[in-house]
Amino acid sequence: MPWHHVCPSDALPPGGTVVVRDGATQVVVLRLDDGTVHALDNRCPHEGYPLAQGDLQGGVLTCRWHTYTFDVRSGACLKGDEDVARWPVRERDGAVEVDLTPPDPAAAVARIWPSLDAGLRDANTGRIARDVVRLLALGVSPSAIVAFGVAWDARHGEYGPTHGLPVLADVLPLAAQRGGVDAAGPLVLGLDVATERSLRRPPRPRPPPLAGDATALRHAVAREDAPAAEGIVRHLAAAGATPEDLGRAVLPVLADHFLDFGHGLIFATKLVTLARATPVDVDLTFGALVHGLANGTREDLLPTWAGWRARAGAVDPGALEGTTSLPRDALVDTDPKQAFSRLTSGVTLTSALAALREAAAERLWRFDVAIDSWQAVQDGWLDVTHRLTFVDAIGHAVPYLDPADRWRLVLQAGQFVATARVYDGDRAEPAPAPADPARLEHAWADRDEGAALGAAIALIAQGRRAEVEDAVLAWAMGDHAVRPIVVAHLLKTAVAAAAATDSDRPLLAVVRWFACPVQERRVNRLVHEARQLVVDGRPPAQVSRVTDRPPR
């Protein structure tokens, strides 16, 4: 092995240190009071400050900057989080020598995965970022890191996947475009979101495999039997089911009920799409998905959906596909009953989805910003974004569904989008502005929606829509929101809008949203709701039940 001369043995007394540098490598060699010699990475794994300038007491080395402490003999971190790397060192012929051979990449990668797991467990974003950069620098692909993150999210989510799943699915292509260590930004954003709901939560117990097919799976979810549903998925995965197979088994389940404000379908389509391109653990991730579906809230059974249930029960969804093209703006100004009527009038599925997407975008475009900060209601920006992302998810689910299930989802979307008209405020069309992508970023930072929309409209008019899409996606991944739940909605809505290439309205609606204030902290609203419940015995209110609009 190539040993590097450090110093004569008598030049390194007990308590003494010598720093050896070889390119980017820095090693601190030190002698303990018992005469033994040890070599550690000189850069503290926390933030890189020199350990050679730390305090050595006995066999413990303390970094002066943040008091991280390390066992010199093992490299173990005694106070802090990450261990420090050790290097081979010896004394020979009256000299101290250290082996600076770079560690085997495969062995280095194997040591990093447990550290990343620990960082996720503690929601330690700094540690997560360092480990992701280390993995990328060692040649690990973004898809492998995403697969690890999605599996971690599935393993720890108490009620199935969290928003970490869709965000990790959305950031993968963006990370792949950047390549190398530059991919770390999108990847760490996705991993950070995955930690929000699972901080220090142990892995969720899983049921054993249970023999069954797609029909049995649908019945298990229908009776809210989460262990049976997950067991059947585990059985299918063990039998060799591909992501495509599991997509055909799982996605029809979503047609039976409108689950969790649309989250069920959004999460399911993101996982199927991701699993087709990434080596995810299908047993673990699809099992967690159906666990969440079986536990999900069936929004369509709430009293506010009673009229829709009656209307939906009176039609045959398998016979709704027609030949008439529904105008793109046909659902923009409809109430739920009118929307249902138009969607069941013999129109094509393609035109129905286009009209739903346009109406969902209009809800974003017209949203009354004052609602978001109004304590008297639960509704806000994130609620209205779900209309667009739910319709987008239907488009991804269509290839896996039979005609009846496709139209069941379309009818759910019609109700979901139409009920959001109550959020509308007065919106004026903005005047065009200079076509400059930089103006978008400045306008978003200044909360100037007129300037942002004007610049976006001018760019699109010049055939430069792609520049608007790039700016929107970059802003969504920037540090412009604090709470992970808001970050998740910024990104998934931006992705859905950028994908809607048959219309500019979704993209412009997101441009407008990014320029508006977003209420992230909800403490005062939660206090208001607590007082309503404890003192008055009343549940939270929605905009649809309140006659007075919020003050502007």
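Every number in this text was worked out from the coordinates using simple rules, so none of it is lab data. This one's a predicted model, so the numbers in the text were calculated from it and none came from an experiment. Neighbour counts are summed over all protein chains in view; Cβ atoms, including those assigned to glycine, are modelled from backbone coordinates with ideal geometry.
Legend: ranking of residues 90, 408 from fewest to most surrounding C-beta atoms inside 10 Å; resulting order 90, 408. Residues whose amide H falls under 5 Å from that of residue 478, counting only those 5 or more places apart or on a different chain, are absent, with hydrogens built in the peptide plane.
By the count of other C-beta atoms within 10 Å, a proxy for reagent exposure, 285, 324 are ordered fewest to most as 324, 285.
Taking Cβ-Cβ under 4.7 Å as the only way to count a partner, pick out the unpartnered cysteines of the chain. Unpaired cysteines in the chain: 7, 77, 516. Look at the alpha carbon pairs under 8 Å that are at least 6 residues apart: their mean separation over the length of the range 400-491 gives a relative contact order of 20 percent. For a straight C-alpha distance cut-off of 13 angstrom, the aspartates and glutamates reachable from residue 79 (same-chain residues fewer than eight places away being disregarded) are 71. Extending 7 Å from Cα along the Cβ direction at residue 535 and again at residue 474 yields two label points whose distance is 4.9 nm.
Taking the range 105-194 on its own, what percent of its Cα-Cα pair distances exceed 16 Å? The share of Cα pairs beyond 16 Å in the range 105-194 comes to 46 percent. Put a plus charge on the Cβ of each Lys and Arg, a minus charge on the Cβ of each Asp and Glu, and nothing anywhere else: the dipole of the range 105-194 about its Cα centre is then about 280 debye. Which angle from 0 to 90°, rounded to the nearest 10, does the C-alpha axis of helix 403-418 make with the longest principal axis of the chain? The angle comes out near 90 degrees. log₁₀ I(q)/I(0) of the range 411-501 at q = 0.22 Å⁻¹, via Debye over equal Cα point scatterers, no solvent, to two decimals? Per q value, in the given order, log10 I(q)/I(0) is -1.20.
Using the alpha carbons alone, the radius of gyration of the range 4-87 stands to its Kirkwood radius in an Rg to Rh ratio of 0.94.
Let me see the pair-distance distribution of the range 283-368: every alpha carbon pair, 5 Å bin width, integer percents in order. Computed distribution, short to long bins: 3, 12, 16, 17, 18, 16, 12, 6, 1. Using just its DSSP H runs of length 4 or more, each adding -39500 (n - 2.57), the chain gives a mean residue ellipticity at 222 nm of -15500 deg cm²/dmol after division by all residues. Summing Cβ point charges (Lys, Arg +1; Asp, Glu -1) relative to the Cα centre of the chain gives a dipole of roughly 960 debye. The lysines whose alpha-carbon is closer than 17 Å to the alpha-carbon of residue 270, local same-chain residues fewer than 8 away aside, are 492. Farthest towards the positive end of the charge dipole of the chain, among the residues 389, 409, 160, is the Cα of 409, using unit charges on the Cβ of Lys, Arg, Asp and Glu. Taking 1.306 mPa s as the viscosity and 10 °C as the temperature, the Stokes-Einstein diffusion coefficient of the chain based on its alpha-carbon Kirkwood radius rounds to 61 µm²/s. Note on the chain: dipole from Cβ charges, positive end direction compared against 370, 56, 142; the farthest Cα belongs to 370. Taking 4 °C and 1.567 mPa s as conditions, the range 318-423 diffuses translationally at an estimated 93 µm²/s according to Stokes-Einstein applied to its Kirkwood radius (Cα pairs).
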